[in-house]
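Student: Take this structure, written in structure tokens, and hold onto it; I'll ask about it next.
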Amino acid sequence: MGALFDVIAIPFGYILRFCYMLLKNYGAALVLFTFITKVIMFPLNVKQQKSTAKTARLSPQMEKLKKKYGKDQAKYNEEVTKLYSEEGISMTGGCLPLILNMLLLFAMIQIIYAPLTHITNINKDKIDNASTLVTNMMTVSTEIKENGDDKQNTFTEIKSQNGDVYDVLNNKDKFKNTAKLSEKDLKEVISIFDENEGLDEYFSDEKKVTPNLKSNPQLLIFRIVEDGQGNFFDQEVRDATNEVNYEVFGIFLGDYPSWSSILVLIPIISLLAQLVLTFVSQHYTKKSNPNAPKMGGMNTFMYVMPLISFFIAFNFPAGIGLYWIAQSVFGLLQVVVVNKIYTPERIDKLNEEDKKKRKKNGKKSFMEKALEAQNANPNASKSIATSDVDDDDEEIDQKKLSKSEQKELQRKKLNDARKRMAEKYGDDYKED
């Protein structure tokens, strides 16, 4: 699944890079990127608005069908499908914008986790090498701190008390994860720690290198360079990291919100923005269709979305929260604009025009084609129906028989079935 989102992230990464080239600020670029994607999806939202209006207009007919076929759910579903196909309504069309927004969100997570990949022009191998080196250094630093004794819990202490640091760190019993590194990788880490005294302590300090950053090497590279600890990186990586402005209002967008940080405002604002969007959307829905039956499940889902917004903004880097806030704000503007331009009266008019065009052009919806295919062989339906009637009649007749007669009838049915199977497969048949 991660590979899929990586693929989706590539084209959006180019758009975000274009936005960054214009504004030279990652936070501002995220906001502009969100606006561009909302503009791209505007026609889809208009289509959804038209579909919603069509569905609302069918409420009286739906109620009639429910009263007529309320006890026959299969028949009710069939008639609803026919009604939807005649009106050109897609039963899943309303889900498409939501699905696309979620796909875009996961793509954005990949992009924000990897700013060097999507914003800079650095060679991919250099980025991968820097990320791998950071991961290896964290592994070694963590195990030195956790597994070293009182006199050897830093690289400097291990070096001062042992002739060969490599032999100590390659001990599989004491430094399990460090010993898994290749000889080349481990010696590279040892060389860097040897040249940069105290660097291992920097990596093992969770106040500077938080647990969340440890799982995102590219974000950690930004933090290391910003803290003046990145002299060991390739010069191109250092230059690009220094040039990219990965902050907004002095806030590093790779940091994660916490209750003790000002970043907690990001999930709170995200929650409030999504709540406002929910209320405004419901207001226009009720205004365009005041007589529609209440959709409890949908209403519940709409109120769950603000909580999801808070969860996402709180558990991902600040850049994701900023993007989600921008999504809600531009989404709110989009809802207002769509409802101001495409009023219920205009939507009804457009839907009528669409219906006339479909009839004139002879175009059929997917559901119409499916219904035609279903009704293409009416004899099969009649045969099934007749068979059902015969079975019902036979069941009724069996009730009139004595127990011995019913037993004999069942034996005869079983023998007939065996005979048919024997004839089908060419076996010998002997009646019981």
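Rule-based calculations on the coordinates, nothing more; no lab input. The structure displayed is predicted, hence computed values, not measured ones. Cβ coordinates were reconstructed from backbone atoms using ideal geometry, including for glycine residues, and neighbour counts include every protein chain displayed.
Student: Could you calculate the contour length gain from K64 to I268, that is, 0.36 nm times the residue separation minus the distance between their Cα atoms, to one decimal place in nm? Provide the component values of the computation, followed by the final result.
Tutor: Details: separation 204, 0.36 × 204 = 73.44 nm, distance 4.50 nm.
Gain in length upon complete extension: 68.9 nm.
Student: So, one more: At 7 Å along the Cα-to-beta-carbon direction for both N245 and N177, put a label point, then send me their distance in nm to one decimal.
Tutor: It is 3.6 nm.
Student: Oh, and also: Given a Förster radius of 45 Å and the C-beta distance between T132 and V304 as r, what FRET efficiency does 1/(1 + (r/R0)^6) yield to the nearest 0.05?
Tutor: FRET efficiency, T132 to V304: 0.70.
Student: Report, in listed order, any pair from K38/K82; K82/K287; K38/K360 with a Cα-Cα distance greater than 29 Å.
Tutor: Beyond 29 Å: K38/K82; K38/K360.
Student: Taking the number of other C-beta atoms within 10 Å as the exposure measure, put F18, F175, F249 in order starting with the fewest.
Tutor: The order, fewest Cβ neighbours first, is F249, F18, F175.
Student: For T343 and K360, compute 0.36 nm times the residue count separating them, minus their Cα-Cα distance, and round to one decimal in nm.
Tutor: 3.6 nm
Student: Sort F311, F232, F222 so the one with the fewest other Cβ atoms within 10 Å of its own Cβ comes first.
Tutor: Ranking F311, F232, F222 by Cβ neighbours within 10 Å, fewest first, gives F311, F232, F222.
Student: Could you check the spin-label model distance between L100 and K287? Points 7 Å from the Cα along Cα→Cβ, value in nm.
Tutor: 2.4 nm
Student: Could you derive backbone 3J(HN,Hα) for the range 9-23 from the dihedral phi with the Karplus parameters 6.51, -1.76 and 1.60 (θ = phi - 60°), listing whole Hz in sequence and x where the residue is Gly or Pro?
Tutor: Karplus-based 3J(HN,Hα) across the range 9-23 equals 5, 4, x, 5, x, 5, 5, 5, 4, 4, 4, 5, 4, 6, 9 Hz.
Student: Once you put a point 7 Å from the Cα of N77 and another 7 Å from the Cα of S160, both along the Cβ direction, what distance in nm separates them?
Tutor: 7.6 nm
Student: How do D255, D239, D416 rank when sorted from fewest to most other Cβ atoms within 10 Å of their own Cβ?
Tutor: D416, D239, D255
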